[in-house]
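*Asks:* Below: one structure in structure tokens.
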Amino acid sequence: MKLSLWTWLACHVASTFALSPRHPARNLKTRATAASNHTAYYFDQAIDHFPQSSRYARHSNGKFKQRYFVETSYYKAGGPVFLYLAGEGPIDGDTHLDVSLITHLMEQFNGAGVVLENRYYGTSCPFNSSTTDELLYLTTEQVIADFDVFARKVTLPGLTDINAPSMPWILYGGSYPGALSAFTKKTYGDTFAGAISSSGVIHGQLEYPQWYDPIQLLAPQDCVASINDIVDNMDYLVKSNNTAAIQQLKELFGLGALKDIRDFAQTIAFPIGGPFVYPTYTWQEINWDPTRGHIDFFDFCRNVTDGNAPANNTEADSALAANTKGQVWKNLGNYAAYIKRVVLPLCPSGDYNSGECFGTQDTAHWANTTSNYVRSYLYTTCTEFGAYQSAQPYGKKSLISRVIDAEYTQEWCNKAFPAGQYNSIPATPDLDIWNAYGDFNFTAENLLFVDGTADPWKDLCYHSDLAPQRYWSDAYPQHLINGAGHVWDLRTLVDVSAEPQFIREATYLELRTVERWLKDFRA
């Protein structure tokens, strides 16, 4: 659920997004993706579905234009509608109406496909900006109510008699939208014939150090050990308040200008997965399909562990040894060289401490209320979901410095969303709102949970190690894909039989499950 694009993007500017945003907004790097060739349609959606609720200090009778794409080339009269929840980003570019699970569902069951943009993302913005007051209606209950109203009332171009619940609608979402898919099926079960939640983060918690657990366990272990030791040494300097050595360490990475040690710790963690924000592809962006995935993380590890590095790299390993009881920081020079070569150029101005680059302490930077998807996702994180990525405590190995904690992210929340006239964010996320749908005891009929064992978000998903043992039943189906990462079932090959075995069988399982739901519906 992290974002690897670093741009302030206005709601009314078409753009593309990575797997899942986890980023408070910078202007460092943009990755181009071709725009969608689908025609955009707009549904008049209520800003406020709950005018009688005491939760909202102010109610609105207004509407906004909720954008969606439609694919009907496979549709035959009486076929189902597959609603893909785009989630935390604009729907331009990668619409999932091409080669994906949705494509196979449409083709096999003569269905129509719809990609729906979430409120407060892309062009589907209720307001022209996103002040704290204007974000009042960005809540989970309002978001999933949109899906219910849309399925019941939308008019799809060229189709008749397609609305739920008289016709079967199937939801699909991955990551944050995976949670929304589950929450929607639980709340509006009579509207939707079925739903798939892929890597759905149904559990909210304040700090989430487990994000790094699959990396600690499954990444190249010589690389992991080097990072662990470097982090331990850095944290030793912090605990001993050795400011001179800390400054020397920053300068070794070319980041002497960063004033806050936490900003430094976050910046050097970018290749691993800097908390909430990173400008490079990380473990989360690895994928079984090389045309969809990225190998930046493995490139980082190969560089860190390069045994044939130039002398100036290896000499740097001893630069701080006098401050750590003579202990050499193995591969420190390689690590620093990689950051200088790959990360620092992502700040073209060279003003590394600025809010536009690697600094997070500029209050004025956070005061920008331009509507954009990273700001919207940060708001949801700050108010309901949490999952502030943090280091492991002392006594456990950590891939990021222990200066990174919930307080660091909470400062961004407080700076970005000062109290308004009608709305204010809580002191920490109100996790009860997120977890009220069921948390790890989640149940809803005809809801399929699919997760991956190597997903950094797994411990917030249905198959979390914190959850009870899961067992299949036709009413409550579930599947854990061996070796899979984040939403690895989302994309498919045209020829499913050519997919890697565990992905292939997950695809077949999903197709079988939807087929059964449709038979039950028609029965």
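*Asks:* Would a scan of region 456-463 turn up a residue that is within 26 Å of Tyr281 (Cβ to Cβ) and touching a helix residue (DSSP H, G or I) at 6+ places or on another chain (Cβ under 6 Å)?
*Replies:* yes
*Asks:* Something else: Hey, can you tell me all the residues within region 324-344 that are over 17 Å from Gly274 (Cα atoms), in a helix (DSSP H, G or I) and either under 25 Å from the mean Cα position of the chain (by Cα) or polar (S, T, N, Q) (or both)?
*Replies:* Residue satisfying the conditions is Asn334 alone.
*Asks:* For a quick check of your reading of the model, give me the residue pairs whose first member lies in region 48-60 and is free of Cβ contacts under 8 Å to residues at least 12 places away in the same chain, whose second is charged (D, E, K, R), with beta-carbon atoms closer than 7 Å and at least 6 apart or on different chains.
*Replies:* His59/Asp48
*Asks:* Which numbered condition in (1) among the aromatic types (Phe, Trp, Tyr); (2) within 25 Å of Glu510 (Cα to Cα); (3) not assigned by TED's automatic domain parsing to the domain that holds Arg491 is the only one that Tyr188 fails?
*Replies:* Every condition holds for Tyr188 apart from (3).
*Asks:* Name the residues in region 258-311 that are small (Gly, Ala, Ser) and within 18 Å of the chain's Cα centre (by Cα), would you? Outline the logic, then answer.
*Replies:* Just the residues of region 258-311 that are small (Gly, Ala, Ser), to begin with: 265, 269, 273-274, 293, 307, 309, 311.
Across region 258-311, the qualifying residues are Ala269, Gly273, Gly274, Gly293.
*Asks:* Pairs only if they're at least six apart or on different chains, beta carbon under 9 angstrom, first in region 166-189 and at positive phi, second at pLDDT 95 or above and assigned to a loop (DSSP other than H, G, I, E, B); list them, first residue then second.
*Replies:* Final answer for the pair search is Ser175/Ser199; Ser175/Gly200; Ser175/Val201; Ser175/Trp457; Ser175/His486; Ser175/Val487.
*Asks:* Scanning region 208-228 for residues that are buried (at least 17 other Cβ atoms within 10 Å of the Cβ) and not in a helix (DSSP H, G or I), which turns out nearest to the chain's Cα centre (by Cα)?
*Replies:* Residue satisfying both the conditions and the ranking: Tyr208.
*Asks:* Can you tell me which residue among Gln327, Gln389 is among the polar types (S, T, N, Q), outside the structural domain of Asp439 (by TED's automatic domain parsing) and either under 30 Å from Gly122 (Cβ atoms) or surrounded by 22 or more Cβ atoms within 10 Å (Cβ to Cβ) (or both)?
*Replies:* Result of the check over Gln327, Gln389: Gln389.
*Asks:* Regarding Phe183, is this residue buried (at least 18 other Cβ atoms within 10 Å of the Cβ), out of contact with any Gly (no Cβ under 9 Å at 6 or more places or on another chain) and under 26 Å from Leu509 (Cα atoms)?
*Replies:* no
*Asks:* Looking at the structure I just gave you, is Thr267 among the polar types (S, T, N, Q) and modelled with pLDDT under 95?
*Replies:* On the way: among the polar types (S, T, N, Q): yes; modelled with pLDDT under 95: no.
So Thr267 fails the test.
*Asks:* Does at least one position in region 303-317 carry a residue that is touching a Leu at 6+ places or on another chain (Cβ under 9 Å) and assigned to a loop (DSSP other than H, G, I, E, B)?
*Replies:* yes
*Asks:* Filter region 79-100 down to the residues that are at pLDDT 95 or above and either within 20 Å of the chain's Cα centre (by Cα) or surrounded by fewer than 24 Cβ atoms within 10 Å (Cβ to Cβ) (or both) and list them by number.
*Replies:* Gly79, Leu83, Tyr84, Leu85
*Asks:* Within region 415-446, restricting attention to residues that are assigned to a helix (DSSP H, G or I) and within 21 Å of the chain's Cα centre (by Cα), which residue is farthest from His463 (Cα to Cα)?
*Replies:* Let us first name the residues in region 415-446 that are assigned to a helix (DSSP H, G or I), namely 415-416, 431-435, 439-441.
Filter once more, so that each one left must be within 21 Å of the chain's Cα centre (by Cα): 416, 431-435, 439-440.
On the way: Ala416: 33, Leu431: 19, Asp432: 20, Ile433: 21, Trp434: 17, Asn435: 15, Asp439: 11, Phe440: 9 Å.
Among those that are assigned to a helix (DSSP H, G or I) and within 21 Å of the chain's Cα centre (by Cα), it is Ala416.
*Asks:* Please list, ordered by first then second residue, the pairs with beta carbon atoms under 7 Å, 6 or more apart or interchain, first in region 284-313 and of a type in the set (D, E, K, R), second surrounded by 20 or more Cβ atoms within 10 Å (Cβ to Cβ) and part of a helix (DSSP H, G or I).
*Replies:* Within 7 Å, the pairs are Asp306/Asn334.
*Asks:* Run down Asn331, Asn353 and say which single residue is closer than 21 Å to Ile215 by Cα and touching a residue at least 12 places away in the same chain (Cβ under 8 Å).
*Replies:* Among Asn331, Asn353, only Asn331 is closer than 21 Å to Ile215 by Cα and touching a residue at least 12 places away in the same chain (Cβ under 8 Å).
*Asks:* Go through Ala151, Ala164, Ala195 for me and flag whichever is more than 17 Å from Ala436 (Cα to Cα), outside the structural domain of Ile286 (by TED's automatic domain parsing) and part of a loop (DSSP other than H, G, I, E, B).
*Replies:* Values: Ala151 fails: part of a loop (DSSP other than H, G, I, E, B); Ala195 fails: part of a loop (DSSP other than H, G, I, E, B).
From the options Ala151, Ala164, Ala195, the qualifying one is Ala164.
*Asks:* Output yes when any residue across region 394-406 is at pLDDT 95 or above and not in a loop (DSSP other than H, G, I, E, B), and no when none is.
*Replies:* Taking every residue of region 394-406 in turn, at least one turns out to be at pLDDT 95 or above and not in a loop (DSSP other than H, G, I, E, B).
*Asks:* Which residues, counting only those in region 468-486, are in a loop (DSSP other than H, G, I, E, B), without any contact (Cβ under 8 Å) to a residue 40 or more places away in the chain and at negative phi? It would help to see each step written out before you state the result.
*Replies:* If we filter region 468-486 for residues that are in a loop (DSSP other than H, G, I, E, B), which is where we start, we get 468-477, 482-486.
Next, only the ones that are without any contact (Cβ under 8 Å) to a residue 40 or more places away in the chain stay: 468-473, 475-477, 482-483.
Answer for region 468-486, where residues must be in a loop (DSSP other than H, G, I, E, B), without any contact (Cβ under 8 Å) to a residue 40 or more places away in the chain and at negative phi: Pro468, Gln469, Arg470, Tyr471, Trp472, Ser473, Ala475, Tyr476, Pro477, Asn482.
*Asks:* Among (1) at pLDDT 95 or above; (2) within 29 Å of Trp517 (Cα to Cα), there is one condition Leu19 misses while meeting the rest; what is its number?
*Replies:* Condition not satisfied by Leu19: (1).
*Asks:* For region 48-78: of the residues being of a type in the set (D, E, K, R) and part of a loop (DSSP other than H, G, I, E, B), which is modelled with the lowest pLDDT? Explain how you work it out, then say what you get.
*Replies:* Initially, region 48-78 is screened for residues of a type in the set (D, E, K, R), giving 48, 55, 58, 63, 65, 67, 71, 76.
Adding the requirement that they be part of a loop (DSSP other than H, G, I, E, B) leaves 48, 55, 58, 76.
Values: Asp48: 98, Arg55: 93, Arg58: 96, Lys76: 97.
Ranking the candidates gives Arg55 first.
*Asks:* Would you say Ile91 is touching a His at 6+ places or on another chain (Cβ under 7 Å), aliphatic (A, V, I, L, M) and assigned by TED's automatic domain parsing to the domain that holds Val514?
*Replies:* no
*Asks:* Restricting attention to region 392-435, report how many residues are surrounded by fewer than 18 Cβ atoms within 10 Å (Cβ to Cβ), over 16 Å from Leu136 (Cβ atoms) and polar (S, T, N, Q).
*Replies:* Number of matching residues: 2.
The values are calculated or read from the model by the stated rules, or taken from the named source; none is laboratory data. These figures come from a predicted structure and were not determined experimentally. Heads up, the Cβs are rebuilt from the backbone with ideal geometry, glycines too, and the neighbour counts pull from every protein chain shown.
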